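To keep things clear, I will list the structure first and then write my remarks on it.
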Amino acid sequence: MKPQRGGEQLAWGPTGAAAATASCLCPAAVASSAAAGAPAGNNVFPRQALEQEMLRRAELQLQGAGGGDRRRERQMKNRESAARSRARRLAYVNDLEKEVTLLRAEKEELRKLCEELKEAAEAAAPAKRAPQQRLQRTSSAPF
C-alpha cells in the first residue's frame with residue numbers, strides 16, 4: 001500500500017529487511033526498525049504505519065480473506081438452527097392438531113351419552129300424575 005505523489009514514493013511503514021524485523025506494529029517496534037536500517041528515502045511515521053496496517057487488515061477481513069470462513073460457518077449454523085426450529089414448530093402443531101381431533105371425538109361421544117341418559121331418565125320416570133284439586137278458601141259466614 002504505497003501511494004504515489006508526483007514521482008516519489010512515500011512508505012508508511014517499514015519496507016524490506018526492516019519490515020521483516022517489525023512483525024509487531026507497536027510504535028516502539030516501528031521506531032526501532034526505522035532506526036536499525038530503514039533506507040533514508042522512506043518517511044516512517046509510526047502512528048500512521050499502525051493506522052494504515054489496521055486499515056489494510058480490516059479491508060482484508062471485509063474481502064473475505066480472514067473472516068469469510070467464520071461468517072460462512074455462522075450463516076450455515078444459523079440456517080441449521082432455523083431449520084430445526086421450523087421442524088420443532090411443525091411437530092408441535094401436528095401434535096396439537098391430533099389432540100384437537102381426539103378431544104372433539106371425545107366431546108361427541110360424551111354428548112351422545114348425555115342425550116341417551118336424558119332419554120333413559122325420561123322413560124324411567126313415572127308419567128306425570130294428574131294435578132290434584134287445590135283447596136281454595138271460601139267464605140262461610142255471610143257479611
13 Å Cα-Cα reach of Lys107 towards aspartates and glutamates, excluding residues that sit fewer than 8 places from it in its own chain: Glu99, Glu115
Reach of Lys98 by Cα under 19 Å, taken over aspartates and glutamates that are not fewer than 8 positions away in the same chain: Glu106, Glu108, Glu109
Proximal aspartates and glutamates to Lys77, defined as alpha-carbon separation beneath 16 angstrom and excluding residues fewer than eight positions away on the same chain: Asp69
Peptide ranges 109-117, 133-141, 52-60 listed from the most packed, as the mean C-beta count within 10 angstrom indicates: 52-60, 109-117, 133-141
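Every number here is computed from the coordinates shown, using simple stated rules; none is lab data. Nothing here was measured: the structure is a model prediction, and the numbers come from that model. All Cβ positions, even for glycine, are placed from backbone atoms using ideal geometry, and neighbour counts span all protein chains on display.
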